[in-house]
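Undergrad: Here it is, the structure, as structure tokens.
The values are calculated or read from the model by the stated rules, or taken from the named source; none is laboratory data. Since this is a predicted model, take the numbers as computed values, not measurements. Note that each Cβ is placed from the backbone with ideal geometry, even for glycine, and that neighbours are counted across all protein chains shown. Just the protein is used for accessible areas: all its heavy atoms, side chains included, with ligands, DNA and RNA removed. Shrake-Rupley method; radii C 1.70, N 1.55, O 1.52, S 1.80 Å.
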Amino acid sequence: MILSIKDEQNATHFMPDRIANTFVSYFRSIFTSSLGNNDNSALENEDPIPNEDTYSVPNNDEIWKVLSEMKRNASPGPNGFNVEFYLATWSWIGDDVTNLVQSFFSSGVMPNHISDTHIALIPKKLVPLVLTNYRPISLCNVIYKIIAKCLANRLKPHLPDYIQPSQQAFIEGRRISDNIIVAQEITHSFQLSSWKGKAFMLKIDLTKAFDRLEWSFIHKALVCKGMHGHFIKLVHACISTPSFLVIINGQTYANFFGHLSPCQMLCLSLGLQESCWDQGARQFILCSLLTTCWFLGQQPFKKHR
């Protein structure tokens, strides 16, 4: 139960409507683009991946496999149906779900309300006082998660060949713990008396970058990667069509659209939203990869195998 909240101007609100407006204004602000014109001229096309790998339409077996691998009792999206419902009624609704997913992959048009999303607020602290003391968890509809997972699966096999060796997270066959060990060894080396060189360590906070990515940035990064134009259209439909309602004390407030790709809000649900998480992780990898390459003066999508 949220009884009070302190807004970004340090004013505390106690009335339910004021609390709701504070949260809604906060999410609207972080989902609003602050860039009038994006310049991603540093992106250059290299080594396009085979188009047939990403252009294929999922069949009934693939859709069933994606659905069956999801967490069955995860919180449902706005339509109220969780994974368990779809599995239990697949003999009745399976053909309709398959036709809907295949229609999206063929046309690139997201059906109305499929991408609607509820934002639930999970307190990070025992006594949360400010907006950032709450972790937003997105509750997506199951069909939207199926679509997102199918897209992520088409991109996943190609990531190890194109992603910098320094990027360890979210890549199959790599471990983020390796980078932790490397960082510890570098820090230890700086403290040795034998170290004579000049060096520094730079820690970059990627929280805001992970919270939101410009649609044009994702589009240009995928074009640079050599993705098929229709596949890029499908990704854009997934990130640009969701509408959001914020759940506060059991009630939903507002119904607004974002102007950025809210990766964390849609995808950083971990156990609750496996498929959204996969797609968001891929977007995060694109972002971190380009940041690393710009620092090193390297081409972002040159093969590393």
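Undergrad: Only one residue in L139, L155 is aliphatic (A, V, I, L, M), in contact with a His (Cβ under 6 Å, 6 or more places away or on another chain) and either assigned to a helix (DSSP H, G or I) or crowded, with 20+ Cβ neighbours inside 10 Å (or both), so which one is that?
TA: Answer to the check: L139.
Undergrad: In addition: Of all residues in segment 179-235 being of a type in the set (D, E, K, R), part of a helix (DSSP H, G or I) and open to solvent by less than 50 Å² (accessible area, probe 1.4 Å), which is modelled with the highest pLDDT?
TA: The selected residue is K225.
Undergrad: Would you check if there is a residue in segment 79-91 being of a type in the set (S, T, N, Q), in contact with a helix residue (DSSP H, G or I) (Cβ under 9 Å, 6 or more places away or on another chain) and farther than 30 Å from S4 by Cβ?
TA: Yes: one or more hits.
Undergrad: Of the residues K145, K124, K149, which is charged (D, E, K, R) and more than 30 Å from S56 (Cβ to Cβ)?
TA: Criteria check complete, one pass: K124.
Undergrad: Consider R28 against the criteria (1) modelled with pLDDT of 90 or more; (2) part of a helix (DSSP H, G or I): it satisfies all of them except one. Which criterion is unmet?
TA: Single failed check for R28: (1).
Undergrad: Given segment 46-115, what helices (runs of 4 or more DSSP H) lie entirely inside it while holding 1 or more residues that are surrounded by 13 or more Cβ atoms within 10 Å (Cβ to Cβ), among the aromatic types (F, W, Y) and modelled with pLDDT under 95? Break it down into steps so the answer makes sense when it comes.
TA: Numbers: elements: 51-55, 60-68, 83-88, 90-107.
Where helices (runs of 4 or more DSSP H) fall fully within segment 46-115 and carry at least 1 residues being surrounded by 13 or more Cβ atoms within 10 Å (Cβ to Cβ), among the aromatic types (F, W, Y) and modelled with pLDDT under 95, they are 51-55, 90-107.
Undergrad: Moving to a separate point now. I'm checking my understanding of the structure. Among residues of segment 118-133 that are in a strand (DSSP E or B) and not hydrophobic (A, V, I, L, M, F, W, C), which one is least open to solvent (accessible area, probe 1.4 Å)?
TA: H118
Undergrad: Sort out which residues of segment 238-248 are within 19 Å of S107 (Cα to Cα) and buried (at least 20 other Cβ atoms within 10 Å of the Cβ), and write them in order of number.
TA: The answer is C238, I239, P242.
Undergrad: Please specify each residue of segment 64-88 satisfying the condition of being polar (S, T, N, Q) and under 26 Å from S243 (Cβ atoms).
TA: Listed by number, the residues that qualify are N73, S75, N79, N82.
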